[in-house]
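The values are calculated or read from the model by the stated rules, or taken from the named source; none is laboratory data. Not measured: the values here are computed from a predicted model. Here the Cβ positions follow ideal geometry from the backbone for every residue, glycine too, while neighbour counts run over all protein chains shown. Areas reflect the complete protein model, heavy atoms only, side chains present, ligands, DNA and RNA absent. Shrake-Rupley method; radii C 1.70, N 1.55, O 1.52, S 1.80 Å.
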Amino acid sequence: MSGHGDGHIVAHRPFPAAATVELGKPQLRENLRNATHTIRDKRLRLVAERDDWEELRASGARIKDGVLARLPELLDQFTEAATAAGAVVHRAADAEQACAIVTDLVRATGETEVLKVKSMATQEIALNEALTAAGIEPVETDLAELIVQLAGDTPSHILVPAIHYNRAQIRDIFARQMPGVDLSTLTDDPPALAEAARRHLRQKFLTARVAVSGANFAVAETGSLVVVESEGNGRMCLTLPETLISVVGIEKLVPNFQDLAVFLELLPRSSTGERMNPYTTVWSGVTPGDGPQQVHIVLLDNGRSAVRDDPVGRQALRCIRCSACLNVCPVYERVGGHAYGSVYPGPIGAILSPQLTGQAAGANRTLPYASTLCGACFDACPVRINIPELLIHLRQTGPKPAGERAAMRAAAQVMRSPRRYRSALRSLRWAAAPLRWTNRRGRLRRLPWPLSGWTASRDAPLPPGASFRQWWADR
Amino acid sequence: MRIALFLTCVNDAMFPATGQAVVRILERLGHTVEFPAAQTCCGQMHANSGYRDEAVPMVRHFADTFAPYQAIVAPSGSCVAMVRDAYPRLWPAAAPVAARTYELSELLVDVLGVTDLGAYFPHRVTYHPTCHGLRMLRLGDRPQRLLREVEGLELVELPEAEECCGFGGTFAVKNSGVSSAMLADKCAAIGDTGAEYLAAADNSCLLHIGGGLSREGAGSKPVHYAEILANQKGAG
């Protein structure tokens, strides 16, 4: 039996409680609304350009399912090819092991500062915290990730970590936290903000000797890693330092470059609404005299094998972290990423986090209920992960409140019997009869618990005096 | 044609007028409507809340009750989506009955081939495509095509129509705050249209949106589109 994962994928507060806090921030909601609607409109336009989009989605799903079916074999193939190319391949069962491997590798270089390319895997294992505890300073180089790091905050989105800030707020963060920033030129104009970040990071790129990255894809046939990005900062991290350590989830594998091509079509359109992202970096081990001369790859499990063991849940591992599901989700749009308590927020987070950790971990059992099952996420997913189906699957397998279970069982007893069902309909009308006499509006403003949540913002109608079946019987 | 009406539990208990409207529409077209009295609930609340074992007996009961009929119609995109999409997975023997179950606009447009029902409704109406009808049944613009043929009716577009209203069954109670935030935006969008009526294919979503409109004292009234289609000149 494969073990569950841990790290920054465990929610510590139940979703409804965390969401309530976020709902109280009007500026946050406005920022989220503006950003998600901009990206989703761009995505729709770009996807509409491809009349083979549905076939591409199906290909993406098929390739990933094939990878998951023969994962152990592909992992061995990747390891062999990467090793032959001069990389050192490590395997980490969980977050703790992965952090220990990376920390030891950095220590062995004698450096006390590492550059980081934006990486979900290292966020997942809480690597920054582990490095800091070991006296090593991690410096984020992705612009949005840098904003979040300077603010002492956590990311709120998979692809746009600082989505919850507007540019005036970012200007304030830079002014307060960026060492040596030139306040005379720092306005909230995006080029001015980018210039400040560029000056800050350039020093780091030119002096750093160790970098830590993730990878968007790992090509089994050649042992290559692939990073897809918009800014070029990642490429500096991947090429300038002497030592490069990449932490890669085992589900990132693709068999070969032909299959990779499908995902390079699917990812940019789904994530940023671009035909192609500006920078795609591919490297295979070490090239003598060019680029990092020490290359390490940490293959991370952290619960992925356990997810793979579940025939229904397995499809969640198709995810290529494009975040299209976040940008179309009406729940995410109102509360942002922090409400989900995991580095994987939104619809994919609501299924992936509890699957990776097991539903008993922290408050992760509340995540599969953070959805109306509206299905917008399934339509947007470039690899056709049936997120609503998985949400229901997790609701079924996860723990449930005893009172709710009793009420649902009782209701099911009534609903499966026409006789009991008819008498329940009658009782409902009789119970409502006195209310119909006293309530002339025909609407209730307050219901008792557990329906009080309903009447917090909605009136409830009174059942009518006669049911349809009565009318039918009388005609 | 002999058509069985699957009314759904929410309509039976709370919205008898919708069922009456479906009967009037189909009889006006010359079809025979039957109402199998043994019918109960499709089991969606149980299945979607994670109570699969409790839902399966309801699935079997539905299949038994409606097996004799060649066409089954329900005035609910959500319940029909449950039957057509989830039944074959929950109880494979229910697949043939599930395949003969239609949402009202599918039956009218695709099976019976009509869009003009001779209806009259002299009001400004906007339409909210409820999520399961939109994304699971792919109803497309079938309901709007039916409404456009209604005499006197002015159909106005709802801004961000495809956004969920925030109901989601037990979601509205379990995540009441988020649900209310979604509802507030939906009500505001409806308000912007200046429509007298908000039409939809699901009384459960209309119950939710109507509860919000009523609380805010907004001008639009919720109505199932079947009731609009059933309305005729002189009928009031």
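Restricting A:TYR332, A:TYR344 to those that are of a type in the set (Phe, Trp, Tyr), outside any helix (DSSP H, G or I) and surrounded by 24 or more Cβ atoms within 10 Å (Cβ to Cβ) reduces the list to A:TYR344. The set of residues in the stretch B:64-83 that are out of contact with any Phe, Trp or Tyr (no Cβ under 7 Å at 6 or more places or on another chain) and within 14 Å of chain A (Cβ to nearest Cβ) comprises B:ASP64, B:THR65, B:PRO75, B:SER76, B:GLY77, B:SER78, B:CYS79, B:ALA81, B:MET82. Could you look through the stretch A:383-420, keep only residues that are open to solvent by less than 40 Å² (accessible area, probe 1.4 Å) and in contact with a Gly (Cβ under 6 Å, 6 or more places away or on another chain), and pick out the one that is nearest to the other protein chains (Cβ to nearest Cβ)? Going through the qualifying residues, I end up with A:ARG395.
Here is a check on your reading of the model: is B:LEU90 among the aliphatic types (A, V, I, L, M), within 22 Å of B:ALA17 (Cβ to Cβ) and surrounded by fewer than 24 Cβ atoms within 10 Å (Cβ to Cβ)? Taking the combined requirement at face value, the residue does not satisfy it. Can you confirm whether the stretch B:219-229 contains a residue that is open to solvent by 10 Å² or more (accessible area, probe 1.4 Å) and at the interface with another protein chain (Cβ under 8 Å from one of its Cβ atoms)? Checked against the condition, which is being open to solvent by 10 Å² or more (accessible area, probe 1.4 Å) and at the interface with another protein chain (Cβ under 8 Å from one of its Cβ atoms), the stretch B:219-229 yields no hits at all.
Only one entry of A:ARG275, A:ARG321, A:ARG269 meets the criterion of being part of a helix (DSSP H, G or I) and among the charged types (D, E, K, R), and that entry is A:ARG269.
Contact annotation: no residue pair with Cβ atoms under 9 Å, 6 or more positions apart or on different chains, pairs a residue in the stretch A:456-471 that is over 18 Å from A:ARG426 (Cβ atoms) and part of a loop (DSSP other than H, G, I, E, B) with a partner that is open to solvent by less than 30 Å² (accessible area, probe 1.4 Å) and among the charged types (D, E, K, R). Here B:ALA74 passes the criteria (1) closer than 20 Å to B:MET14 by Cα; (2) open to solvent by 20 Å² or more (accessible area, probe 1.4 Å) except the one numbered (2). Cβ-Cβ distances below 9 Å connect the following pairs, each with a first residue in the stretch A:432-455 that is more than 9 Å from chain B (Cβ to nearest Cβ), a second residue that is in a strand (DSSP E or B) and of a type in the set (A, V, I, L, M, F, W, C), and a separation of six or more residues or different chains: A:LEU435/A:LEU444; A:LEU444/A:ALA460; A:ARG446/A:ALA460; A:LEU447/A:ALA460.
B:LEU108 falls short on exactly one of the conditions (1) out of contact with any Asp or Glu (no Cβ under 8 Å at 6 or more places or on another chain); (2) open to solvent by 10 Å² or more (accessible area, probe 1.4 Å); (3) of a type outside the set (Lys, Arg), and that condition is (2). Just to verify a result, which residue in the stretch A:376-404, among those that are among the β-branched types (Val, Ile, Thr) and within 15 Å of the chain's Cα centre (by Cα), is farthest from A:ARG57 (Cα to Cα)? Step by step, filter the stretch A:376-404, then rank; the result is A:ILE387.
Please determine, by comparing only the residues of the stretch A:1-20 that are part of a helix (DSSP H, G or I) and more than 14 Å from A:THR154 (Cβ to Cβ), which one is farthest from the other protein chains (Cβ to nearest Cβ). Checked the stretch A:1-20; the qualifying residue farthest from the other protein chains (Cβ to nearest Cβ) is A:ALA17.
Within the stretch B:192-207, track down each residue that is out of contact with any helix residue (DSSP H, G or I) (no Cβ under 6 Å at 6 or more places or on another chain) and within 14 Å of chain A (Cβ to nearest Cβ).
Correct list: B:CYS205, B:LEU206, B:LEU207.
B:ARG2 passes every criterion in (1) at the interface with chain A (Cβ under 10 Å from one of its Cβ atoms); (2) open to solvent by 30 Å² or more (accessible area, probe 1.4 Å); (3) at pLDDT below 95 apart from (1). Among the numbered conditions (1) open to solvent by 10 Å² or more (accessible area, probe 1.4 Å); (2) of a type outside the set (Asp, Glu); (3) within 20 Å of A:LEU300 (Cα to Cα), the only one that A:THR132 does not meet is (3).
Within the stretch B:155-208, the only residue that satisfies the criterion of being in a loop (DSSP other than H, G, I, E, B), at pLDDT 95 or above and polar (S, T, N, Q) is B:ASN175.
Taking the criterion of being within 7 Å of chain B (Cβ to nearest Cβ), open to solvent by less than 30 Å² (accessible area, probe 1.4 Å) and aliphatic (A, V, I, L, M), the only residue of the stretch A:456-474 that qualifies is A:ALA460.
Here B:TYR120 qualifies as touching a strand residue (DSSP E or B) at 6+ places or on another chain (Cβ under 6 Å) and either open to solvent by 50 Å² or more (accessible area, probe 1.4 Å) or within 14 Å of chain A (Cβ to nearest Cβ) (or both).
Restricting the stretch A:79-100 to residues that are more than 30 Å from A:VAL10 (Cα to Cα) and assigned to a helix (DSSP H, G or I), the residue that is most open to solvent (accessible area, probe 1.4 Å) is A:GLU80.
The single condition among (1) open to solvent by less than 20 Å² (accessible area, probe 1.4 Å); (2) outside any helix (DSSP H, G or I) that A:LEU425 does not meet is (2).
Residue check: is A:ARG441 surrounded by fewer than 18 Cβ atoms within 10 Å (Cβ to Cβ) and basic (Lys, Arg)? When the stated conditions are applied, A:ARG441 passes them. Applying the selection to the stretch B:13-34, what residues are open to solvent by less than 10 Å² (accessible area, probe 1.4 Å) and away from chain A (no Cβ under 13 Å)? Of everything in the stretch B:13-34, those that are open to solvent by less than 10 Å² (accessible area, probe 1.4 Å) and away from chain A (no Cβ under 13 Å) turn out to be B:ILE25, B:LEU26. Among all positions in the stretch A:367-375, there is at least one residue which is at the interface with chain B (Cβ under 9 Å from one of its Cβ atoms), part of a helix (DSSP H, G or I), free of Cβ contacts under 8 Å to residues at least 60 places away in the same chain and under 21 Å from the mean Cα position of the chain (by Cα). Mind counting the residues in the stretch A:250-275 that are touching a residue at least 40 places away in the same chain (Cβ under 8 Å) and more than 20 Å from A:ALA85 (Cα to Cα)? Result for the stretch A:250-275: 15.
Taking the criterion of being of a type in the set (Val, Ile, Thr) and either within 18 Å of A:VAL328 (Cβ to Cβ) or open to solvent by 40 Å² or more (accessible area, probe 1.4 Å) (or both), the residues of the stretch B:165-196 that qualify are B:VAL173, B:VAL178. Look at (1) under 24 Å from A:SER342 (Cβ atoms); (2) more than 19 Å from the chain's Cα centre (by Cα); (3) not polar (S, T, N, Q) and you find that A:ALA211 fails only one, number (1).
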